[in-house]
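Just so it is clear, none of the values below were taken in a lab; they were calculated from the coordinates. Owing to the predicted nature of the structure, the values given are computational and were not obtained by experimental measurement. Don't worry about glycine lacking a Cβ; one is built from the backbone with ideal geometry, like all the others, and counts go over all protein chains shown.
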Amino acid sequence: MKKKILSMLLAGFTGVIVLSGCSGKTVTVDEKTTRLNPGTYTGQSSKSDDEKAGGYTIVKLTIGEDNRITDVQLEIYDANGKNKFSEDYGKTYGEITDEEAYKTAQNAAKIAKQYADQYMATQSLSEVDVITGATISYDQFIEAADIALQKASEKE
């Protein structure tokens with residue numbers, strides 16, 4: 001009787017662990033099991049509702065013949081359409097009016113570049129970790145990369 005109860009508890013815990021792994025942001029294309037067509041594919045995120053951070057993200061994925069991602073290019077634009085990877089990001093009318101705000105903006109852009117690096121290293125969107133200070137960039141990166149992957153998986 002104790003073995004049966006223990007077995008049922010173990011099965012229940014295993015189920016909870018498996019299901020908890022399925023929670024969170026899902027990726028509609030599993031790049032490890034879906035055949036991707038070689039080439040370069042672009043995805044663009046929707047614009048952020050955040051008035052201050054704003055903007056959108058573009059991800060360009062290059063898929064090799066071996067079904068692996070060989071290059072990830074990331075572009076992030078603010079609400080005014082300016083590239084966040086430029087030295088001007090965080091400036092007001094081309095000037096640094098708030099040193100702390102400028103440093104924060106530049107740091108967030110630098111952090112966001114890590115998403116492309118993580119994706120190249122892991123070859124899996126589900127293994128790209130959100131980084132504090134760049135959550136909006138993370139959400140947009142995942143969305144844009146997922147769109148590019150969907151295009152890469154479509155039959156020609």
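Ordering SER45, SER153, SER86 from the fewest to the most neighbouring beta carbons within 10 Å gives SER86, SER153, SER45. Model label sites at GLU99 and GLU65, defined 7 Å from Cα along the beta-carbon direction, differ in position by 5.5 nm.
Exposure proxy ranking for SER126, SER137, based on other Cβ atoms within 10 angstrom of each Cβ and starting from the fewest, stands as SER126, SER137. For VAL130, VAL72, VAL59, the sequence from fewest to most other C-beta atoms within 10 Å is VAL130, VAL72, VAL59.
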